[in-house]
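Data block below; observations after.
The values are calculated or read from the model by the stated rules, or taken from the named source; none is laboratory data. Remember, predicted model here, so these are calculated numbers, not experimental data. When we count neighbours, we look across all protein chains shown, and the Cβ atoms used for this are built from the backbone with ideal geometry, even at glycine. SASA here: full protein model, heavy atoms, side chains in, ligands and nucleic acids out. Shrake-Rupley method; radii C 1.70, N 1.55, O 1.52, S 1.80 Å.
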Amino acid sequence: MKRWVRPLLVLAGLGVVAYLLYQVGPAAVWKSISALRWWLLVVICFPFSLSATLDTLAWRVLFRDARVPFSVLLRARLAGEAVNVATPTASVGGEPLKAFLIRPWVRLTEGLATVVVDKTTVVAGQWLYLAVGLAAAAAMLPLESPLVLAGGALLVVEALAVGGFILVQTRGVFGGGGRILGRIGLGPPEQYREALGHLDRALADLYRERRGRLLGAVFLHCLAWAGGGLEIYLVLTLAGIPVPLGTALVIESFGAAVKFASFMIPASLGALEGGYVAICAAFGLGGAAGFTYVVVRRLREIAWAAVGFLAAPGPRLGPGKPEPGAP
């Protein structure tokens with residue numbers, strides 16, 4: 001049954017995409033995309049490169065000191081995100097890869113701890129961005145608008161999710177889970193359970209000793225999410241669909257929430273298309289505007305996934321930084 005879930009989700013997503021394309025009109029979408037011409041290369045490269053830089057800076061501030069070169073962190077991040085986009089792993093399959101790729105500079109347990117916490121601050125930054133966008137939307141749309149109501153509900157869900165993530169990480173979930181599985185004969189060997197204990201301690205130390213860095217990471221990720229609003233502004237404006245920058249930023253705050261809510265769907269296929277069509281329609285831009293943007297976004301995701309796979313840091317000689325207690 002589980003083997004068929006992801007393929008069925010992909011097929012359902014493709015069905016939604018086809019239906020939406022039929023509803024908004026292929027001719028209208030093609031007209032908007034063709035209007036971009038060579039600007040298409042610009043919007044694929046620029047806004048996302050800014051967001052990727054801010055996301056990498058947010059990851060970097062979580063380390064106790066700047067031991068890992070920024071270029072290595074950026075390449076590792078792009079490689080991990082490429083795996084998240086290209087594989088059906090609920091947007092988390094590439095996270096262990098990030099830690100492994102920086103292992104020559106930091107211990108694997110510390111690298112994993114920063115990756116786990118960074119993922120949490122990504123969601124926290126998106127929550128902050130949604131909160132600002134929801135406040136702006138409440139001034140632009142009726143309070144009883146389905147978009148405002150849905151945004152408020154997602155804001156509550158995300159707050160609970162972030163709180164739950166942090167609670168689990170500070171309660172020794174990895175080592176405790178390994179010990180419980182070990183008692184029933186399903187856990188990892190002793191040396192791996194010890195490594196999970198080191199990971200729990202690294203997470204606890206990070207939350208206890210680097211709170212200022214955590215807040216800085218959340219703020220940087222919030223700015224990175226806003227880069228998506230800049231992308232919407234450029235795509236629609238160059239496609240001949242005028243939109244105020246403020247409106248574009250608000251649209252992306254809701255679009256990012258849709259991506260969060262649909263993380264179990266491979267590449268959020270169908271969910272993003274439907275979400276942006278509905279959001280753009282709510283702001284009076286028409287469904288074709290939302291579908292046009294998502295087409296360009298998909299092209300950008302493919303291009304940057306290719307960059308991530310090609311730019312992954314190469315292997316180094318040696319086993320990397322030893323773990324605590326290793327001989």
**Request:** Only one of these is in a helix (DSSP H, G or I), open to solvent by less than 60 Å² (accessible area, probe 1.4 Å) and modelled with pLDDT of 90 or more: Ser51, Ser71. Name it.
**Result:** Ser51
**Item:** Filter pass, Ala52 being over 30 Å from Arg107 (Cα atoms) and of a type outside the set (Asp, Glu)
**Value:** no
**Prompt:** Across the stretch 198-226, which residue is surrounded by the most Cβ atoms within 10 Å (Cβ to Cβ) among those that are small (Gly, Ala, Ser) and free of Cβ contacts under 8 Å to residues at least 40 places away in the same chain?
**Reply:** Ala204
**Prompt:** Can you tell me how many residues in the stretch 43-65 are among the charged types (D, E, K, R) and in contact (Cβ under 8 Å) with a residue 40 or more places away in the chain?
**Reply:** 2
**Message:** When you scan the stretch 215-224, do you find a residue that is among the hydrophobic types (A, V, I, L, M, F, W, C) and within 17 Å of Val43 (Cβ to Cβ), even just one?
**Reply:** yes
**Asked** Does Arg37 meet the test of being touching a residue at least 12 places away in the same chain (Cβ under 8 Å) and basic (Lys, Arg)?
**Response** no
**Request:** Kindly indicate the residue of the stretch 150-175 that is among the β-branched types (Val, Ile, Thr), surrounded by 15 or more Cβ atoms within 10 Å (Cβ to Cβ) and closer than 18 Å to Gln126 by Cβ and also modelled with the highest pLDDT among those meeting that condition.
**Result:** Val162
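To keep it simple, each residue is scored yes or no on (1) open to solvent by 30 Å² or more (accessible area, probe 1.4 Å); (2) of a type in the set (Ser, Thr, Tyr); (3) outside any loop (DSSP other than H, G, I, E, B); (4) under 21 Å from Trp127 (Cα atoms).
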{"position": "Gly246", "(1), (2), (3), (4)": "yes, no, yes, yes"}
{"position": "Met264", "(1), (2), (3), (4)": "yes, no, no, yes"}
{"position": "Ile279", "(1), (2), (3), (4)": "no, no, yes, yes"}
{"position": "Tyr293", "(1), (2), (3), (4)": "no, yes, yes, no"}
**Asked** Only one residue in Trp30, Trp4 is of a type in the set (Phe, Trp, Tyr), at pLDDT below 90, surrounded by fewer than 19 Cβ atoms within 10 Å (Cβ to Cβ) and in a helix (DSSP H, G or I). Which one?
**Response** Trp4
**Request:** Hey, could you check the stretch 108-142 for residues that are of a type in the set (A, V, I, L, M) and over 23 Å from Gly163 (Cβ atoms) and say which is modelled with the lowest pLDDT?
**Result:** Leu108
**Request:** For the stretch 281-289, indicate whether the set of residues that are surrounded by 20 or more Cβ atoms within 10 Å (Cβ to Cβ), under 28 Å from Arg6 (Cβ atoms) and modelled with pLDDT of 90 or more is non-empty.
**Result:** yes
**Message:** Just to be sure I understand the filter: pairs with C-beta atoms under 9 Å, separated by 6 or more residues or on different chains, first member in the stretch 116-145 and farther than 12 Å from Ala256 by Cβ and surrounded by 15 or more Cβ atoms within 10 Å (Cβ to Cβ), second member of a type in the set (Asp, Glu) and at pLDDT 95 or above. Which pairs pass?
**Reply:** Asp118/Asp55
**Request:** Mind listing whichever residues of the stretch 266-277 are within 18 Å of Val148 (Cβ to Cβ) and open to solvent by 30 Å² or more (accessible area, probe 1.4 Å)?
**Result:** none
